[in-house]
Amino acid sequence: MEYFFYCRGRPGTEALLEELAEAHWSFMDGYAEAMIARGPTLTPDRTTWTGSMHMVDLPDAQAARVFAFQEPFYRAGVYGEVLVRRWRNALGRTMWDYPAEPGDDRRFLVIGRGKPGVEAARQALEAAQRRWFGEPGHRDGFILRGPLLSDDGAGWVGSALLVQLGDRAAVEAMLAGAPYVQAGLYASVEVHDWQFGGRHQG
């Protein structure tokens, strides 16, 4: 089962973040084979950490709870909010499979939280949404994308996308034309500056 985690940083925890970095890395090393994507979100000037995102293939909901709530940053109070959702990897790859070039660092995490009661409208627009994301200028910018799902994996509750485009304005323009956005299916859409994470980043 694929899961999406977004842990929003609590202000004023920078010292804890630094102190516990090695414990965090060691914990994540245990999930190396299961990791689909990982990395920090950043302020728009990309200088300050604001949270952590992980997409991970885990056996069940209990394993997802362990991943989210036994992690050293969470246990120490570094995070102010933790979002855990089932997710489906629509592109069937990991972030390391994305054909990025050195210096490609304009990456973003998009979290769309779906409104309740929109499933019929969403199903009617699903093919149009896929076509929009598949258009030239959008298609090659997706590192990963897929729906957020209910706990049983059966219901749509939103979307989580990792994209690489020229700037935030390009991401917002792509989203503005998306059929789900135009139909008002999301209660909120967040765009976070994001970068590839993991020990290999140094």
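Working only within segment 23-47, note down all residues that are of a type in the set (Ser, Thr, Tyr) and either within 14 Å of residue 86 (Cα to Cα) or open to solvent by 60 Å² or more (accessible area, probe 1.4 Å) (or both).
Answer for segment 23-47, where residues must be of a type in the set (Ser, Thr, Tyr) and either within 14 Å of residue 86 (Cα to Cα) or open to solvent by 60 Å² or more (accessible area, probe 1.4 Å) (or both): 26, 47.
I'd like to check which strands (runs of 3 or more DSSP E) are fully inside segment 91-202 and have at least 2 residues that are open to solvent by 50 Å² or more (accessible area, probe 1.4 Å).
186-194
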#### Entry: Scan of segment 60-74 for residues that are in contact with a helix residue (DSSP H, G or I) (Cβ under 9 Å, 6 or more places away or on another chain) and either loosely packed, with under 15 Cβ neighbours inside 10 Å or β-branched (Val, Ile, Thr) (or both), ordered by number
69, 70
#### Entry: Within segment 145-179, tally of residues that are under 20 Å from residue 45 (Cα atoms) and in contact (Cβ under 8 Å) with a residue 40 or more places away in the chain
8
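The values are calculated or read from the model by the stated rules, or taken from the named source; none is laboratory data. Computed from a predicted model, the values in this text were never measured in an experiment. Virtual Cβ from ideal backbone geometry, glycine too; neighbours counted across all protein chains shown. For the accessible areas, the whole protein counts, side chains as well, though only heavy atoms, and no ligand, DNA or RNA atoms are used. Shrake-Rupley method; radii C 1.70, N 1.55, O 1.52, S 1.80 Å.
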